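Accompanying notes for the structure given below.
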Amino acid sequence: MAIKLYDYSLSGSCYKVRLLLDFLELDYEKRQMDFYPGREHRSLEFKQLNPLGQLPVLEDDGVRLRDAQAILCHLANKYDRSGQWLPRDPGSFGSVMMWLMFAGGELMAASAARLHDALGYDLDIEAARRNAHAAFRILDDHLTKREIEGGTWIVGEHPTLADIACFPYTALSSDGGIGREDYPALRNWLRAFHHLPKFKAMSGIAEFA
Amino acid sequence: MARTRDTVVLNEWVACGWPDKVAVGESYRTAIFGQDIEVARLGKDAFGIFELDEAGRRGRQLPVQVRYCCVFTTLGEPTRPLPEIAEFDEPDRRIASCGSVGVHTSPYRIIENFLDMAHFSFVHTDILGAEDRTEVLAYKTEHRRDVDEIWAIDCQFFQPAASRASKDGQMTTYAYRVMSPFSVMLYKNVFGDDTRNDAICVFVQPMQETECLAYMPMALVDPDSAMASIIDFQQTIFLQDRVILENQRPALLPLDPGREVPTRADASSIAFRRWLKAQNLQFGIYEKQAA
């Protein structure tokens, strides 16, 4: 098999990549990592693949990539003939990139809260939840505007990489004690995402919404 | 945070870590029953555990046992020893420590969920249960008075992927064993071999009444799967449960039989709750709130 994913089932970042691989119906090999409690991603062997010591890592015909957002772009660029997931038109490309950066940046506060609550990571949980709520506010405001415009997705008329990248840690937020009561547009968007063809849930996310 | 005055639970051994949680020479702080403690790793399997006062100063040193990939301690005077689980001593077993997972609910809800088969098809769809085969066949429960344990035996459930070693669906045979209010395990027949059982435990560390850590050591017959894959399988299952557990209300466990209406499939839960009630537990129980 050409594509190999260094994976951890409970990782929302790995889940981003698994979602796109499923949406594109791509075969791939999984290398399960003992992220917790073994901290295999911090081992010397793994740091030779990714010196940052982070999951996921993807190998594809001699290309080795880290960072979930970069991997999404690689897969869409190489395999998505429809061009839907990574639109190239000047009106959409930059916006998709902007929300990809948001997913790998501000939204990761929700991941931190989950690591604290579920896996006992020692970090400032109040700050993590506060920052996650601030990020959710921004995404919910944007999705409210999209609803007023008659749109469902973060950018344009179809789901894009921006939706895939923003979905996991938003949908997993209650694992970190972050409620979504105050974000009605965000909840509508999550529900729409659940109904995408070939959608698969992960632990902590309901199969149906 | 106040330490409970419930002497029944204080007299139990409870898990408070696993050996590789910290390096030798390091320590960490945690809590049991509302009491802050410090766990210091002195050697590979040597630990010093201390109560901490409100200023964080070390006080009384607590007893320690290291077994089943867990570090156990107690704040009281246990009459019940740690359980004997022979499978962990069998030479060909794969022993997996899955670390701990935090769960915001009563310790007994974690135990009770572990005993429940009716949720397999809905929460662990395509793994421990299938949506078109949801029936929980009749099984037996026992209070084994010589060891004061609750057992559920002759349990059967159809499982599409009973373990990481499974290559196909099977009718899995289970026996469940509640060894203390904070520890439970199951025996399930190994894929393709009815003569041997995988042994899977859950030890609960009750930090506070509705704040727990769950430890899931396993002793499996599975020569082929990578350890990372075995751990990944178990954690996938447990985090499917966790989101359900944290949404159960009330979080404290009700023991009044009229509060939550059981069905026949809940026979093990009924036996467990009766047994808890007979012990006159207070910590983590709903009713005392109303009293």
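Can you confirm whether B:Glu142 is surrounded by fewer than 21 Cβ atoms within 10 Å (Cβ to Cβ), assigned to a loop (DSSP other than H, G, I, E, B) and either within 14 Å of another protein chain (Cβ to nearest Cβ) or among the acidic types (Asp, Glu) (or both)? Working first, answer last.
Numbers: surrounded by fewer than 21 Cβ atoms within 10 Å (Cβ to Cβ): yes; assigned to a loop (DSSP other than H, G, I, E, B): no; either within 14 Å of another protein chain (Cβ to nearest Cβ) or among the acidic types (Asp, Glu) (or both): yes.
Against the criterion (surrounded by fewer than 21 Cβ atoms within 10 Å (Cβ to Cβ), assigned to a loop (DSSP other than H, G, I, E, B) and either within 14 Å of another protein chain (Cβ to nearest Cβ) or among the acidic types (Asp, Glu) (or both)), B:Glu142 does not qualify.
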| request: Return the residue satisfying two criteria in turn: it lies in segment A:175-209 and is modelled with pLDDT under 95 and farther than 22 Å from A:Ala113 by Cα, and of such residues it is nearest to the other protein chains (Cβ to nearest Cβ). | output: A:Glu207
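Counting residues that are modelled with pLDDT under 95 and of a type outside the set (Ser, Thr, Tyr), which strands (runs of 3 or more DSSP E) fully inside segment B:155-236 reach at least 2?
Correct list: B:170-180, B:183-190, B:193-208.
Return a yes/no flag: does segment A:202-209 have any residue that is in contact with a strand residue (DSSP E or B) (Cβ under 7 Å, 6 or more places away or on another chain) and in a loop (DSSP other than H, G, I, E, B). Please lay out each step first, then the result.
Taking segment A:202-209 first, the residues in contact with a strand residue (DSSP E or B) (Cβ under 7 Å, 6 or more places away or on another chain) are A:207.
Right, trim to in a loop (DSSP other than H, G, I, E, B) and you get A:207.
Scanning segment A:202-209, I find at least one residue that is in contact with a strand residue (DSSP E or B) (Cβ under 7 Å, 6 or more places away or on another chain) and in a loop (DSSP other than H, G, I, E, B), so the answer is yes.
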| request: Would you mind telling me which numbered condition in (1) crowded, with 16+ Cβ neighbours inside 10 Å; (2) part of a strand (DSSP E or B) A:Arg64 fails? | output: (1)
| field | Which numbered condition A:Ser9 misses (of (1) assigned to a loop (DSSP other than H, G, I, E, B); (2) polar (S, T, N, Q); (3) touching a residue at least 60 places away in the same chain (Cβ under 8 Å); (4) farther than 30 Å from B:Val103 by Cβ) | value | (4)
| said: With the structure loaded, tell me whether B:Val66 is surrounded by fewer than 17 Cβ atoms within 10 Å (Cβ to Cβ), of a type in the set (A, V, I, L, M), under 20 Å from B:Leu213 (Cβ atoms) and in contact (Cβ under 8 Å) with a residue 24 or more places away in the chain or whether it fails that test. | reply: yes
| request: Specify which of the listed residues (A:Lys30, A:Lys47, A:Lys16) is of a type in the set (Lys, Arg), surrounded by 15 or more Cβ atoms within 10 Å (Cβ to Cβ) and more than 11 Å from chain B (Cβ to nearest Cβ). | output: A:Lys16
| request: Determine if segment A:155-176 includes at least one residue that is more than 16 Å from the chain's Cα centre (by Cα), crowded, with 16+ Cβ neighbours inside 10 Å and more than 29 Å from B:Gln248 (Cβ to Cβ). | output: yes
| task | Please verify whether segment A:68-83 includes one or more residues that are among the hydroxyl-bearing types (Ser, Thr, Tyr) and surrounded by fewer than 18 Cβ atoms within 10 Å (Cβ to Cβ). | result | yes
| query | Among the numbered criteria (1) away from every other protein chain (no Cβ under 14 Å); (2) not in a helix (DSSP H, G or I), which single criterion is violated by B:Gly102? | reply | (1)
| request: List the number of the failed condition for B:Ala31; all other conditions in (1) in contact (Cβ under 8 Å) with a residue 60 or more places away in the chain; (2) surrounded by 17 or more Cβ atoms within 10 Å (Cβ to Cβ); (3) away from chain A (no Cβ under 14 Å) hold. | output: (3)
| Could you list, in sequence order, the residues of segment B:237-258 that are free of Cβ contacts under 8 Å to residues at least 40 places away in the same chain, within 13 Å of chain A (Cβ to nearest Cβ) and either in a loop (DSSP other than H, G, I, E, B) or within 23 Å of B:Ile85 (Cα to Cα) (or both)? | B:Asn247
| query | Only one of (1) within 20 Å of A:Thr160 (Cβ to Cβ); (2) in a loop (DSSP other than H, G, I, E, B) is not met by A:Asp27, so which one is it? | reply | (1)
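The values are calculated or read from the model by the stated rules, or taken from the named source; none is laboratory data. Predicted, not measured: the structure shown is a model, and the values here were computed from it. FYI the Cβ positions are ideal-geometry reconstructions off the backbone, even for glycines, and counts take in every protein chain you see.
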